[in-house]
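The structure under discussion appears below in the form of structure tokens.
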Amino acid sequence: MSLVDDFGRVHRDLRISLTDKCSLRCTYCMPAEGVPWLERDGILTTDEIERVARVCVGLGVTEIRLTGGEPLIRRDVVDVVARLAALGRHVSMTTNGIRLAELAAPLRDAGLARVNVSIDTLDRDRFARLTRRDRLPEVLAGIDAALAAGFEPLKLNAVAMRGVNDDELVDLVEFAVGIGAQMRFIEQMPLDAGHTWDRGAMVPADEILRRLRHRFELTPVGGRGSSPADTWLVDGGPGSVGVIASVTAPFCAACDRIRVTADGHVRNCLFAREESDLVPVLRGGGSDDDLAAIVTGSVAAKKAGHGIGSPGFVQPDRPMSAIGG
Ligand code: SAM
Ligand code: SF4
């Protein structure tokens, strides 16, 4: 069985949000005061996560990415990783890096294959303004620990923002190349809780590349498959940089992702307006076939694209932190 939609896209990439809570308050994601958190008993238990993941693996999922909110906030995150890795699929994580200093080695031992760390700036004051928390040293220690634990290739993600960190793109690439990691820049998407996204404040991919080309020779690396990033070798390699043009050159046509929120809702797109609730089946005595039917139905209803920029586009009610980025 496989998860194929009306456009022939085969879904193999499952993103599971482990929590909606976070240790940071990035301005493009959460308001200063946070958002109303999900009820504690509404969050999927580790048994439930494992069951949903197993059903999805039975439907052809080959990649499981853990995200949030901040996945490392979840107390039993190492156990979650161990149980999902035991399903025999590739398990990875996107994290803000806080707590990674202590958790990188145990996560690696538990079977985590890859880790992406989000870091938008290397300047401590700027980091404190941007995330509303003075915790850059912890993120840097987390990156060191991830490298020491053998996570390779290590990818670092930054959202490029005009007037905030767009003067730092070259520095971020130099930092990443210097430690043997890959820097990836993401166009800012309309997924902030405050609904303040403004196209003008977004730094588009072509501008990111123009700025980088002032300093580096960039050689395109082809064959991105279902990866959202276009990649370039930096000064002939081996270092490389990725750009994720989610807004100006969406990768919807090759999208193979489905998402499960921390409270057990299946979403077929970051920007979906509808979700399918797995909890009544999970907690009401339903079967694995019932769960599979919900996931299959969600994929079947997937739209061709997110439609940002089209006149009818409406931002989803949930912010990125509650969907699972
Ligand atoms: N807390 C973890 C982190 O920051 O990596 C995982 C969750 S976070 C929602 C996942 C990724 O989404 C991060 O790389 C973050 O920068 C990105 N992100 C959040 N809001 C975004 C937005 N409005 N536009 C583009 N990327 C965004
Ligand atoms: Fe937290 Fe990640 Fe959102 Fe920043 S982007 S507030 S670290 S969930």
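Listing for the model above:
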{"read-out": "Failed item, numbered, when ARG108 is tested on (1) outside any loop (DSSP other than H, G, I, E, B); (2) within 16 Å of ligand 2 (Cβ to nearest atom); (3) touching a Phe, Trp or Tyr at 6+ places or on another chain (Cβ under 8 Å)", "value": "(2)"}
{"read-out": "Only listed residue being surrounded by fewer than 19 Cβ atoms within 10 Å (Cβ to Cβ), out of contact with any Gly (no Cβ under 7 Å at 6 or more places or on another chain) and at pLDDT 80 or above, chosen from ARG213, ARG224", "value": "ARG213"}
{"read-out": "Qualifying residue in region 33-41 (condition: within 16 Å of ligand 2 (Cβ to nearest atom) and surrounded by 21 or more Cβ atoms within 10 Å (Cβ to Cβ))", "value": "no"}
{"read-out": "Pick from region 14-66, criterion polar (S, T, N, Q) and under 17 Å from the mean Cα position of the chain (by Cα), ranking: farthest from ligand 1 (Cβ to nearest atom)", "value": "THR62"}
{"read-out": "Residue ID - surrounded by the fewest Cβ atoms within 10 Å (Cβ to Cβ), chosen from residues in region 42-80 that are without any contact (Cβ under 8 Å) to a residue 24 or more places away in the chain and within 21 Å of VAL281 (Cα to Cα)", "value": "ASP47"}
{"read-out": "Among residues of region 290-316, those that are at pLDDT 75 or above and either surrounded by fewer than 12 Cβ atoms within 10 Å (Cβ to Cβ) or in contact with a helix residue (DSSP H, G or I) (Cβ under 8 Å, 6 or more places away or on another chain) (or both), counted", "value": "8"}
{"read-out": "Answer residue from region 197-206, given it is in contact (Cβ under 8 Å) with a residue 40 or more places away in the chain and surrounded by fewer than 19 Cβ atoms within 10 Å (Cβ to Cβ) and is nearest to VAL164 (Cα to Cα) among those", "value": "ALA201"}
{"read-out": "Residue list for region 113-150, restricted to those being farther than 21 Å from ASP171 by Cα, in contact with a strand residue (DSSP E or B) (Cβ under 7 Å, 6 or more places away or on another chain) and within 14 Å of ligand 1 (Cβ to nearest atom)", "value": "ARG114, VAL115"}
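The values are calculated or read from the model by the stated rules, or taken from the named source; none is laboratory data. Only a predicted model underlies this, so the values are computations on that prediction, with no experimental measurement involved. Cβ atoms come from the backbone with ideal geometry, glycine included; neighbour counts cover every protein chain shown.
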